[in-house]
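See below for the structure under consideration.
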Amino acid sequence: MRTPARAGVLAVAFSAALLTAPAAHATAPGDNGTVKIHDASTGEEQRRNEPHVCTFYLDGFGFDAGQQVDWHIEVWAPTAGTKGETVLSDTLTLDASGHGRTEDLSLPDGHYKLFWNFDGEKGSAKHKVFWTDCEETAAPAAPSGSSSASPSAGAEAAPSPSAASSSAAPAAEPAAEATPQGGSGDLAETGNGAPVGLLAGAAAALLAAGGFLLFRRRGSRA
């Protein structure tokens, strides 16, 4: 009766050993850290990767205290001119918490791959692929309302000469209409001078004709 009980205890112990073995391997010294690409404006406390950047830095955390890191960046397809060409490289010593970051870096627009090698690594180097694209991020935004407000304000404040002349013309017309007909000063300008001249000429002609007839009649009597 005791044999099955002992067999059960051994089976449980063996299963526990199998379950804990992968966890111990996953946290083995040297391979338990990670590295991220961060935009230059992103704080070190952020542990997210940013694959599209302009100016950037490499941020490693979760490694062993004081580990030495050798890293390099290669141009990567599809923008690689020469396959495997290294464009940036340096070394980095991590702090007591296994954290470290590089200075701010910059590269021409393109596609790249980071290789992060460190002391005590059990497998291959940690790596990250990323793009640099400064053309889109460097374009400044136009200030809102600055350029459109000034032309309209200027147009309202200073009317054009044609508008000033057209607005002044109607103001002169009521002045002419305000003068009552028959006034002494403006009679000749309203068109009444033409009939007066014709009547005066006709009267002079009649007087001349009457004088001529009177002169002939006297001559005939004599």
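The values are calculated or read from the model by the stated rules, or taken from the named source; none is laboratory data. Note that the structure is a prediction, hence the values are computed from the model and not measured. Backbone-built Cβ (ideal geometry, glycine too); neighbour counts: all protein chains shown. We work out accessible area using only protein heavy atoms, side chains counted, and drop any ligands, DNA or RNA first. Shrake-Rupley method; radii C 1.70, N 1.55, O 1.52, S 1.80 Å.
Among the residues of the stretch 75-128, write down those that are assigned to a loop (DSSP other than H, G, I, E, B), within 19 Å of residue 57 (Cβ to Cβ) and either of a type in the set (Phe, Trp, Tyr) or open to solvent by 50 Å² or more (accessible area, probe 1.4 Å) (or both). First the steps, then the outcome.
Let us first name the residues in the stretch 75-128 that are assigned to a loop (DSSP other than H, G, I, E, B), namely 76-85, 94-99, 102-104, 106-109, 119-125.
Adding the requirement that they be within 19 Å of residue 57 (Cβ to Cβ) leaves 76, 94-95, 97-99, 102-104, 106-109, 125.
Once the filter is applied, which keeps residues that are assigned to a loop (DSSP other than H, G, I, E, B), within 19 Å of residue 57 (Cβ to Cβ) and either of a type in the set (Phe, Trp, Tyr) or open to solvent by 50 Å² or more (accessible area, probe 1.4 Å) (or both), the stretch 75-128 yields 76, 95, 97, 103, 104, 106, 108, 109.
Those residues that are within 37 Å of the chain's Cα centre (by Cα), in a loop (DSSP other than H, G, I, E, B) and crowded, with 17+ Cβ neighbours inside 10 Å, I need them from the stretch 54-74; list them, please. Write out each step before concluding.
First, pick out the residues of the stretch 54-74 that are within 37 Å of the chain's Cα centre (by Cα): 54-61, 71-74.
Subsequent filtering for residues that are in a loop (DSSP other than H, G, I, E, B) retains 54-55.
Within the stretch 54-74, just 54 meets the criteria.
I need the full set of residues from the stretch 60-82 which are closer than 18 Å to residue 37 by Cβ and either touching a Phe, Trp or Tyr at 6+ places or on another chain (Cβ under 8 Å) or touching a residue at least 60 places away in the same chain (Cβ under 8 Å) (or both), in order please. Step through it out loud before you land on a result.
Residues of the stretch 60-82 closer than 18 Å to residue 37 by Cβ: 60-63, 69-77, 79-80.
Across the stretch 60-82, the qualifying residues are 60, 63, 69, 70, 71, 72, 73, 74, 75, 76.
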Condition (residue is at negative phi, at pLDDT 95 or above and not in a strand (DSSP E or B)) applied to the stretch 8-22: is it met by at least one residue?
no
Picked from the stretch 83-125 (must be acidic (Asp, Glu) and touching a Phe, Trp or Tyr at 6+ places or on another chain (Cβ under 9 Å)), the residue nearest to residue 69 (Cα to Cα) is 90
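Working only within the stretch 27-67, note down all residues that are charged (D, E, K, R) and under 11 Å from residue 99 (Cα atoms).
Residues of the stretch 27-67 that are charged (D, E, K, R), as a first pass: 31, 36, 39, 44-45, 47-48, 50, 59, 64.
44, 45, 59, 64, listed by residue number.
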